[in-house]
Amino acid sequence: MRVNEVVSVPARVSVPAIIAARGIAHPNEPIVEIADYTPDGTVWRPLGAGEFVDRFLALAAHLAREGLAPGGRVIVWGTSGLTWNLIDLAIQAAGGVVVPIYDTASPSQARHIIAHSRAIRAFADSDEQARILADAGLTPIRFLDAEELLLHAPRAERTPPDLDGNELATIVYTSGTTGTPRAVPLTHRNLGGMLLQQHPFFPEAIHNADVRCLHFLPMAHIFARTAAYMPLAGLGVAAHVNPDHGSLVDHFQTFHPTTIGAVPRVLEKIEEAARSRATGPIAARVFAWAQHVARARAPHVRAGTAVPRWTALRYRLARRLVLDKITQTMGGNMRCIVSGGAPLDPKLDDFFTGMGIRVCNGYGMTETSGGFLCNTFTHARPGTAGRPLPGCEARIAEDGELQVRGLGVANCYLDPDDPDSFTPDGWLRTGDLASIDDDGYVTIRGRVGDLIVTASGKNVQPGPVEEAIRRHPGISQVMLVGESRPYVAALVAVDDASSRADEQTLTRVRDAIVEANEGVSRAESVRRFRIIDGDFTQDNGLLTPSLKIKRNRALEVLADDIEALYRADAAGVHDVVGPAGGARTA
């Protein structure tokens, strides 16, 4: 099958039916591994595909007996993991509509979703979640009780659910970087149809029998949720990890994954951790050399061509000195990272790819049922979000906005709808600025709504500059400001807040900004910066669960910091000057 060939989607299709077919065809083959956390470490216990399917079908039958009718909306609010995954599949299999709430959602956010979705049933993990749901008139099933039902409910007949592809499967509320989250209704055809396209698109990552996929992102997000479906519908093995039981590296080294789905920040943290272990000037130079060698090898890995002899010889030495330690830290078996949620630095892509860990960078939205564009093992171009999956199309409007249509794209928003989000001929306006090259690869340039217009009328797209600054070691988050101001300035959060005022930190931040400024015009360059007290986090409401800055909220919360950037006498504000200059502190 060609990588761009559309897989036929039957009229009656659903994710539970696709996964159930595996349980019927290969009942005894492992489909997931369950983590048993013991004092001596994590032990992974396999679960057969047949029993996995039996569990969610049994819960589906229980929900139907308890009165869940087709189309009934069910809140799922709790810790991500295998239980969340099974509850999701069970509700869909029963004909219900899954309404996820982030485990980190505030009470007010949760109440909005509960009321707006008109849910009639609910699952909850914590006492607080259960109380909020009860106050809204719902009697939730607790996750612990759901686990008992999954294990001990009478087994239903192992038959794939027979669901109309045009019926709703889920209502997902967007992360809401600029305002109130919007409710996106997705059908079984949206989710199941896209799942059928993804497997032949990059089978090495999600389908083949030797795939071991580790999940750790929040399941309420469409990226993590659809990523969890992929290995279940293939032939490999999936696993979920609990962040309360060991670090991500601990889980890498016990599960030995071949594939993970991650936001670019996870890749940056892995690289930064490796660099931090190279203590001393000689070790730091060796690490930088090994990075250079890996990046030089990357284009040959990507193209499947022979690596030049001199590069191959240097790579062997680089592996022995540096790179093998990184791959072993990641479990020694990693071959693919599916990256999404934010732009990926091409140098970071080259670094991992050059080590033999292919980075399938992509792009998607809640409105597109997750992944819509992606680089693959056979078709990849660093710096881009890849090409449309089969059954998907992309185009660029006159104003530079990316517009999409296709199999996974929702056709509306839940009441109140927003007709302006779609063009008269049916394309979704994504709100992202992009370009498409002659081979169909899409490069995301920024957000339409993030545009900064300075007092001089200069249009500045902050995203690329922010990413260029943030990818430097020690910098956690960056937000550019300058709307109706005389120049562009930056608020910076550093990893170690206690060092925010020391000279080494100031120099590191300044150097990162100077380097980023080299890629833009003077009118677009950052003139001043301020290191904020604290960080942008989900807990303080400044980050979405997918780690995007909530700009409108940040403009309110950090108003005093922003005003300081435009006062000549403000303390803690630093001027950015040329590479030979230094930072002048106000």
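Below are the figures for this structure:
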{"item": "The chain - percent relative contact order, Cα under 8 Å, separation 6 or more", "result": "11 percent"}
{"item": "GluC sites (Glu not before Pro) within the range 349-457, DSSP loop, no more than 15 other Cβ atoms inside 10 Å", "result": "GLU398"}
{"item": "Accessible area per residue in Å² at 1.4 Å probe, computed on the range 376-499", "result": "42 Å²"}
{"item": "Solvent-accessible area of HIS379 with every protein chain in place, 1.4 Å probe, in Å² to the nearest 10", "result": "60 Å²"}
{"item": "Extension reserve of the LEU317-GLN504 stretch, reckoned as 0.36 nm per residue once the Cα distance is removed", "result": "64.1 nm"}
{"item": "Accessible surface of CYS392 - all protein chains present, 1.4 Å probe, nearest 10 Å²", "result": "20 Å²"}
{"item": "Inter-probe distance in nm under a simple model that places probes 7 Å from Cα toward Cβ, at ASP210 and ASN411", "result": "4.3 nm"}
{"item": "With DNA, RNA and ligands ignored, accessible area of GLU148 (1.4 Å probe; Å², nearest 10)", "result": "100 Å²"}
{"item": "Largest to smallest principal axis extent of the C-alpha atoms in the range 189-292, angstrom", "result": "56, 32, 24"}
{"item": "Computed Kirkwood radius, in angstrom, where 1/r is averaged over Cα pairs of the chain", "result": "25.1 Å"}
{"item": "FRET efficiency for VAL520 and HIS26, using Cβ-Cβ distance with R0 set to 60 Å, rounded to 0.05", "result": "0.65"}
{"item": "Overall dimensions of the range 273-396 as given by Cα atoms, namely Rg and Dmax in Å", "result": "16.1, 52"}
{"item": "Solvent-accessible area, 1.4 Å probe, carbon plus sulfur percent, for the range 415-557", "result": "46 percent"}
{"item": "The range 153-281 - accessible surface per residue (Å², probe 1.4 Å)", "result": "35 Å²"}
{"item": "Full-extension gain in nm, ARG131 to GLU483, via 0.36 nm per residue minus C-alpha separation", "result": "122.5 nm"}
{"item": "D (Stokes-Einstein, µm²/s), Kirkwood Cα radius, the range 70-174, 0.692 mPa s at 37 °C", "result": "233 µm²/s"}
{"item": "Percent breakdown of C-alpha pair distances by 10 Å bin, ordered from the shortest bin, for the range 271-330", "result": "22, 52, 23, 3"}
{"item": "Normalised contact order of the range 292-358, rounded percent, pairs of Cα under 8 Å and 6 or more residues apart", "result": "55 percent"}
{"item": "VAL43-LYS347 pseudo-label distance in nm [points 7 Å out on the Cα-to-Cβ vector]", "result": "4.6 nm"}
{"item": "Heavy-atom SASA rank of HIS221, HIS251 (probe 1.4 Å, accessible area, largest first)", "result": "HIS221, HIS251"}
{"item": "Label-point separation, LEU144 to GLU167 (7 Å along Cα→Cβ), nm", "result": "3.4 nm"}
{"item": "Mean separation of Cα contacts under 8 Å (6+ apart) over length of the range 241-368, as relative contact order %", "result": "37 percent"}
{"item": "Per-selection Kirkwood Rh - the range 459-578 (Cα, Å, 1 d.p.)", "result": "14.3 Å"}
{"item": "FRET efficiency for ILE282 and ALA306, using Cβ-Cβ distance with R0 set to 41 Å, rounded to 0.05", "result": "0.80"}
{"item": "Where Cα atoms sit under 22 Å apart: lysine pairs in the chain separated by 8 or more or lying on different chains", "result": "6"}
{"item": "Residue-count net charge about PRO27 - beta-carbon cut-off 13 Å; Lys, Arg +1, Asp, Glu -1", "result": "+1"}
{"item": "Where only C-alpha atoms are counted, convex hull volume of the range 51-123 per residue in Å³", "result": "64 Å³"}
{"item": "Contour minus Cα-Cα distance for ASN552 and ALA69 (0.36 nm per residue)", "result": "169.9 nm"}
{"item": "The chain: antiparallel DSSP beta bridges as a percent of all, rounded to 5", "result": "60 percent"}
{"item": "Relative intensity, log₁₀ I(q)/I(0), of the range 1-160 from a Debye sum that treats every alpha carbon as a point, q = 0.13, 0.14, 0.16 Å⁻¹", "result": "-0.68, -0.77, -0.95"}
{"item": "Convex hull per residue volume in Å³, alpha carbons only, for the range 399-445", "result": "99 Å³"}
{"item": "Cα-Cα pairs of the range 114-224 separated by more than 25 Å (percent)", "result": "44 percent"}
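The values are calculated or read from the model by the stated rules, or taken from the named source; none is laboratory data. What you are looking at is a predicted structure, and each value in this text was computed from that prediction instead of being measured. Methodologically, a virtual Cβ is constructed for each residue, glycine included, from the backbone with ideal geometry; neighbour enumeration extends over all protein chains shown. Calculation scope for accessible area: heavy atoms of the full protein, side chains included, ligands and nucleic acids excluded. Shrake-Rupley method; radii C 1.70, N 1.55, O 1.52, S 1.80 Å.
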